[in-house]
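These notes concern the structure reproduced below.
The values are calculated or read from the model by the stated rules, or taken from the named source; none is laboratory data. Remember, predicted model here, so these are calculated numbers, not experimental data. Using ideal geometry, Cβ is built from the backbone for each residue, glycine included, and neighbour counts are taken over all protein chains shown. What goes into the accessible areas is simple: the full protein's heavy atoms, side chains included, and nothing from ligands, DNA or RNA. Shrake-Rupley method; radii C 1.70, N 1.55, O 1.52, S 1.80 Å.
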Amino acid sequence: MKVLLTGGTGFVGTALVEALREHGHTPTLLTRPRSKPPTNAASIPWDTEVGPPPAAAWEETDAVINLAGEPLQGRWTAAKKDRIKQSRVGTTSHLVAGMAALERKPSQLISVSAIGYYGDRGDETLTEDATAGHDFLAAVCREWEAAAMSAEPLGVTVARTRFGIVLGKDGGALGPLNRLGKLGLLGPIGGGKQWWSWIHIADLVGFMIHALENRLSGPFNLVAPDGRRQRDWAATAARVLHRPGFLPAPAFAVRAAVGGFAAELLSSRHVIPAATQASGFEFAFPDLEPALKNAFADD
Ligand SMILES: NC(=O)c1ccc[n+]([C@@H]2O[C@H](COP(=O)([O-])OP(=O)(O)OC[C@H]3O[C@@H](n4cnc5c(N)ncnc54)[C@H](OP(=O)(O)O)[C@@H]3O)[C@@H](O)[C@H]2O)c1
């Protein structure tokens, strides 16, 4: 299939482009004009803030995978929060407006969201049917998903993939977590009772291919079945890194070290991949310890 991607130059996109090629698909990337062009696929410049992608981008496109989004790391000033929202909701709306104008539309849109959709939910178990939360990230995710869903009346099949904390070598959650680890702060964070729901990048990419090839629709929690309380997660990470005795990190220290991303680390989301597993997908890394060992391993 010819697959058009946004955000394809990032941590997830780079791994996904590789996997798409391995599965015989042809990825083309829409990248912002100021971004460095990718070396692993064809790319077309698109200013996501201005309007729909150029007409030439859509030629023969069978499916669209929408990953674009301003990174959450850093201080959440009003301007940063606006970029976090617009780079997701605005980009997705422009993408769907572009589809609406086409005579031959792509048959499928796989759009990213996050488990931030559920907000901060204590010990509640959250399948894909759970209600959305009410904080800033939950509101962004709701609008992001709604923008993607507006492609359905056009006859496009829409899958919404709610990513958990993604574990992989070259980015994602392990960047900020490594920084905390170096400061000796990867102990219980803010008490450590909060649930962390995570997924290994290999499974994330594997599910995206599965969704594409089986034309899946609906919301999917992209988390492994082995969600843990953060203090248990931290103890496992300490064992894997052979660094016992990490110090507890009070919430203020986490906020100082990783900025607005702290909201992600301090919130509790016990997310279950119910629809993901019901779709027939099998996890390569269902358990935390082997997933962390693989993600932290040196090449
Ligand atoms: N990694 C995680 O743990 C995690 C967890 C939950 C959800 N997610 C979501 O999954 C998606 C991919 O994650 P990732 O870790 O691969 O992110 P990433 O490495 O930061 O890459 C995101 C890509 O989005 C584009 N982008 C960045 N800022 C943008 C902006 N202001 N406006 C429009 N496009 C922008 C960039 O592509 P170009 O420069 O080529 O345009 C960039 O390569 C993101 O939307 C993220 O929120 C990730």
Among all lysine pairs in the chain that are eight or more places apart or on different chains, how many have alpha carbons less than 28 angstrom apart? 20
Using the Kirkwood radius built from alpha carbon pairs, what does the Stokes-Einstein equation give as D for region 103-156 at 10 °C and 1.306 mPa s, in µm² per second? 128 µm²/s
With all protein chains present, the chain has a carbon and sulfur share of its accessible area (1.4 Å probe) in percent of 53 percent
Provide the packing ranking of 253-260, 229-236, 18-25, i.e. peptides ordered by the mean count of other C-beta atoms within 10 Å per residue, highest first. 229-236, 253-260, 18-25
Kindly provide the helix-only [θ] at 222 nm of the chain, computed as the sum of -39,500 (n - 2.57) over DSSP H runs of four or more divided by all residues, to the nearest 500 deg cm²/dmol? -10000 deg cm²/dmol
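Using the heavy atoms of the protein chains alone and a 1.4 angstrom probe, what is the accessible area of the chain per residue in square angstrom?
Details: 12850 Å² over 299 residues.
So the chain comes to 43 Å² accessible per residue, rounded to a whole number.
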For region 250-299, the spread of Cα positions along each principal axis, largest first, Å: 41, 32, 14
Calculated P(r) tail over 37 Å for the chain, as whole % of Cα pairs: 12 percent
